[in-house]
Amino acid sequence: MATTSLHQSTAESATTVEIQQPSDPLPNFLNSVKLKYVKLGYHYLMRHLVTLLFLPLIAITAVHASQLNIDEIGKLYLHLQYNFIAVMALSGVAVLGSTVYLMSRPRHVYLVDYSCYRPPENLKVKFDVFMERSKLHGGFNESALEFQRKILERSGLGEETYLPPALHSVPPVPSMAAAREEAEQVMFGALDNLFKSTNLDPRDIGILVVNCSLFNPTPSLSSIIVNKYKLRGNIKTFNLGGMGCSAGVIAVDLAKDMLQVHRNSYAVVVSMENITQNWYFGNKKSMLIPNCLFRVGCAAVLLSNKSTDKRRAKYKLLHVVRTHRGSDDTAFNCVYQEEDDAGKVGVSLSKDLMAIAGGALKANITTLGPLVLPISEQLLFFGTLIARKLTDSKLKPYIPDFKLAFDHFCIHAGGRAVIDELEKNLQLSEEHVEPSRMTLYRFGNTSSSSIWYELAYTEAKGRMKKGNRVWQIAFGSGFKCNSAVWEAIRTVNPSDSNPWADCIHKFPVEICV
């Protein structure tokens with residue numbers, strides 16, 4: 001008897017059904033054909049098409065060259081001597097062209113190393129503690145408390161995420177001083193670890209980019225870092241605010257542009273969010289969701305344009321693609337900080353958020369696809385598009401297989417629904433989205449730093465091999481979808497400074513929703 005397993009996943013549960021099929025009297029040769037190998041053969045052919053086309057020309061040239069005798073080689077040399085001026089002119093043009101190309105080509109940007117902050121154990125918040133503190137606050141009505149409980153249960157978060165010290169107090173004390181304390185704790189924790197692992201003197205940093213959406217004190221967060229580590233006076237500092245969870249990729253893009261201008265420089269990117277002063281204490285349900293999802297986290301990334309750093313760097317930056325849908329009013333308002341009817345400030349999430357995120361993703365991958373997809377996938381996509389136009393049929397559009405372009409995916413851990421949608425729309429496997437699901441479970445939504453915790457998970461599992469490509473995808477208010485593509489320069493081994501080092505053996509875990 002032949003057995004076929006059908007797997008069906010829903011938002012509520014996952015089930016496996018086995019269907020018994022009677023044996024065929026004769027082998028079914030159609031089913032025995034491994035169609036996936038046919039597709040792989042097609043992709044291999046298209047990837048090496050230029051090489052295969054030139055092989056006959058190279059072979060013919062080699063045959064003719066091998067048949068040349070001494071007299072014919074001498075005549076060829078004399079011919080070049082008679083055309084000395086033309087040969088020198090062509091050589092000069094070649095040298096000039098090569099020089100212009102080498103001087104004007106974009107400089108490679110290397111990711112030397114990065115560090116993700118792991119908060120202390122006393123800041124962990126279990127679900128029952130979260131609900132107990134919410135009740136003790138007294139500002140939430142019964143409907144709001146029940147809504148938060150349901151969101152927590154369905155969120156995909158685990159019992160070991162972290163909240164800042166101010167929110168562990170009863171009652172909470174969300175002051176400016178407490179917010180500064182949280183910011184310094186996460187930034188300095190990530191940077192200290194980065195400087196230790198790279199042996200970098202902080203005074204060697206030439207560019208500093210800090211992004212934090214909701215907390216922007218004076219002096220700025222970048223100035224706090226300059227003061228703490230006594231960075232040099234001519235450092236180029238930038239502070240990005242209000243740009244949402246996708247600001248980490250924006251900060252990398254800004255650092256990349258600065259590294260194209262300033263030779264032999266180091267750039268440090270610090271991506272974080274601050275929760276202390278941005279906890280919502282009202283009863284508007286669309287504003288309560290961030291309370292249940294956002295948690296403490298921070299990442300510090302060291303970038304370099306020095307060719308000597310290629311030997312010790314982990315990754316090379318290949319592409320950054322940014323998509324902004326802010327001209328559309330619905331997209332602009334879908335993540336919006338405002339006051340509720342009682343005058344309490346919070347961030348409101350629209351019910352249209354997932355649809356808007358899907359549209360932003362589509363626009364982003366339309367630009368990214370031609371940069372990363374093999375020519376075989378692009379031909380299939382455009383061929384299907386032309387067929388749909390010419391035949392005016394209901395032929396389904398071809399969805400490019402991004403698994404042919406990337407080995408690892410770091411999808412912003414904004415929530416379970418975000419990960420589910422990208423898994424379905426990009427036709428990814430459970431292993432592809434595992435880093436995102438486990439990051440959401442272990443650390444919660446750490447905003448712009450979540451994609452770095454996901455990359456750290458992949459490294460901790462020992463999955464990052466030389467030549468692997470990584471796609472970081474992040475969504476943010478405005479509304480934005482941003483992508484960064486990295487290539488591993490070497491096989492990355494797990495390190496003791498990895499935020500997952502103490503618990504990676506526990507993962508992956510089964511998440512029941």
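The values are calculated or read from the model by the stated rules, or taken from the named source; none is laboratory data. This is a predicted model, so every value here is computed, not measured. With ideal geometry, Cβ positions are generated from the backbone for all residues, glycine too; neighbour counts draw on all protein chains shown. Accessible surface areas use protein heavy atoms only, side chains included; no ligands, DNA or RNA. Shrake-Rupley method; radii C 1.70, N 1.55, O 1.52, S 1.80 Å.
Condition check ((1) closer than 25 Å to H412 by Cβ; (2) buried (at least 17 other Cβ atoms within 10 Å of the Cβ)) across all residues:
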| residue | (1), (2) |
| --- | --- |
| N141 | no, no |
| Q148 | yes, yes |
| S155 | yes, yes |
| L163 | yes, yes |
| P174 | no, yes |
| A177 | no, no |
| A183 | yes, yes |
| F188 | yes, yes |
| L194 | yes, yes |
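Conditions tested, residue by residue: (1) open to solvent by 40 Å² or more (accessible area, probe 1.4 Å); (2) in contact with a Lys or Arg (Cβ under 6 Å, 6 or more places away or on another chain); (3) of a type in the set (G, A, S); (4) at pLDDT 85 or above.
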site: S376; (1), (2), (3), (4): no, no, yes, no
site: L380; (1), (2), (3), (4): yes, no, no, no
site: K403; (1), (2), (3), (4): yes, no, no, yes
site: C410; (1), (2), (3), (4): no, no, no, yes
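The condition (being closer than 21 Å to Q185 by Cα and in contact (Cβ under 8 Å) with a residue 40 or more places away in the chain) is satisfied by just one residue among N227, N239, N211: N211.
Screening the range 292-348 for strands (runs of 3 or more DSSP E) wholly inside it with 3 or more residues that are open to solvent by 10 Å² or more (accessible area, probe 1.4 Å) and out of contact with any Lys or Arg (no Cβ under 6 Å at 6 or more places or on another chain) returns the ranges 315-324, 335-339. Among the residues of the range 196-230, the ones that are surrounded by 17 or more Cβ atoms within 10 Å (Cβ to Cβ), in contact with a strand residue (DSSP E or B) (Cβ under 6 Å, 6 or more places away or on another chain) and in a loop (DSSP other than H, G, I, E, B) come to 1 in all.
Filtering I365, I356 for residues that are at pLDDT below 90 and aliphatic (A, V, I, L, M) leaves a single hit, I365.
Of everything in the range 279-289 that is in contact with a helix residue (DSSP H, G or I) (Cβ under 8 Å, 6 or more places away or on another chain) and open to solvent by 10 Å² or more (accessible area, probe 1.4 Å), the residue that is nearest to A166 (Cα to Cα) is W279. It is to be established whether one or more residues within the range 429-443 are of a type in the set (A, V, I, L, M, F, W, C) and in contact with a His (Cβ under 7 Å, 6 or more places away or on another chain). No. Beta carbons closer than 9 Å, at least 6 apart along the sequence or on distinct chains, pair a first residue in the range 369-393 that is within 26 Å of A484 (Cβ to Cβ) with a second that is among the hydroxyl-bearing types (S, T, Y) for S376/Y42; S376/Y44; E377/Y398; L380/Y42; L380/Y398; F381/Y398; F382/Y398. For the range 252-278, enumerate the residues that are surrounded by fewer than 23 Cβ atoms within 10 Å (Cβ to Cβ) and either within 17 Å of the chain's Cα centre (by Cα) or part of a strand (DSSP E or B) (or both). Matches in the range 252-278: D253, L254, K256. Note on the range 286-329: residues that are more than 26 Å from D204 (Cα to Cα), without any contact (Cβ under 8 Å) to a residue 60 or more places away in the chain and of a type in the set (S, T, Y) total 1.
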